[in-house]
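Shown next, in structure tokens, is the structure this report addresses.
The values are calculated or read from the model by the stated rules, or taken from the named source; none is laboratory data. Just so it is clear, the model here is predicted, and its values are computed rather than measured. Neighbour counts are summed over all protein chains in view; Cβ atoms, including those assigned to glycine, are modelled from backbone coordinates with ideal geometry. These accessible areas exclude ligands, DNA and RNA; they are computed on the full protein's heavy atoms, side chains included. Shrake-Rupley method; radii C 1.70, N 1.55, O 1.52, S 1.80 Å.
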Amino acid sequence: MQSTGLQHLSRLSDTHLLEATASLVRQRDAQTAVILSHLAAVAERKAYRPLGYSSLHSYCVHELHLSEHSAYKHVWAVRFARRYSPVLDAIAEGRVHLAGVCELARYMTPENAAELLEAATHRTRREIQAMLAERFPKPDLP
């Protein structure tokens, strides 16, 4: 495993530091998609039950030690990816992040999945929220 200390990084040029950082983020995105695939299989089999967990969320928090918020995002992404498999590719390629997937999940259907994933590509959570509000306006309150 690579050292997490800052000392060795001080010897890198800015260019190499930026390249290495971008490479690590790409690797993380690919790993996130693999983790979601595994969690989807765990959820499908309910493999967390023999360990005493009543839900995938509880398993993620107490066994995998994810924060509650991170577990929430992973569970939403798993549910979503089980219905729309291109979501995993979008995550693996770094086009959409977990927070964005959680926003899209409320509006995505088989008919608009590809279009919404494309529209959400490389956007922040707030940008995705704005895009969704524009596409799916809520009626005015009386």
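Can you confirm whether residue 103 is over 20 Å from residue 75 (Cβ atoms) and not basic (Lys, Arg)?
no
From 89, 29, which residue is under 30 Å from residue 10 (Cβ atoms) and not small (Gly, Ala, Ser)?
29
Of all residues in region 125-135, which are open to solvent by 70 Å² or more (accessible area, probe 1.4 Å) and either in contact with a helix residue (DSSP H, G or I) (Cβ under 9 Å, 6 or more places away or on another chain) or among the hydrophobic types (A, V, I, L, M, F, W, C) (or both)?
125, 127, 135
Quick check on region 33-68: of everything there that is farther than 19 Å from residue 98 by Cα and polar (S, T, N, Q), which residue is least open to solvent (accessible area, probe 1.4 Å)?
Residues of region 33-68 farther than 19 Å from residue 98 by Cα: 44-55, 62-63.
Checking which are polar (S, T, N, Q) leaves us with 54-55.
On the way: 54: 94, 55: 39 Å².
Only one residue tops the list, namely 55.
So which residues in region 73-96 are over 15 Å from residue 118 (Cβ atoms) and either more than 11 Å from the chain's Cα centre (by Cα) or open to solvent by 20 Å² or more (accessible area, probe 1.4 Å) (or both), if there are any at all?
Residues satisfying the conditions are 73, 74, 76, 79, 82, 83, 85, 88, 92.
Only residues in region 34-56 that are farther than 21 Å from residue 93 by Cα and in contact (Cβ under 8 Å) with a residue 24 or more places away in the chain count as the first member; pair them with residues that are open to solvent by 100 Å² or more (accessible area, probe 1.4 Å) and among the charged types (D, E, K, R), Cβ under 9 angstrom, at least 6 apart or cross-chain, and list the lot.
43/79; 43/82; 44/82
Between a first residue in region 17-29 that is open to solvent by 60 Å² or more (accessible area, probe 1.4 Å) and a second residue that is modelled with pLDDT under 95 and hydroxyl-bearing (Ser, Thr, Tyr), which pairs have beta carbons less than 9 Å apart while being 6 or more apart in sequence or on different chains?
Qualifying pairs under 9 Å: none.
Looking at region 95-114, I want the residues that are of a type in the set (D, E, K, R) and have a partner that is at pLDDT below 95 with Cβ atoms under 6 Å, at least 6 apart or on another chain. Which pairs are those?
That search, which allows pairs on different chains as well, returns nothing.
Do you know which of the residues in region 103-118 that are in a helix (DSSP H, G or I) and farther than 24 Å from residue 22 by Cβ is most open to solvent (accessible area, probe 1.4 Å)?
115
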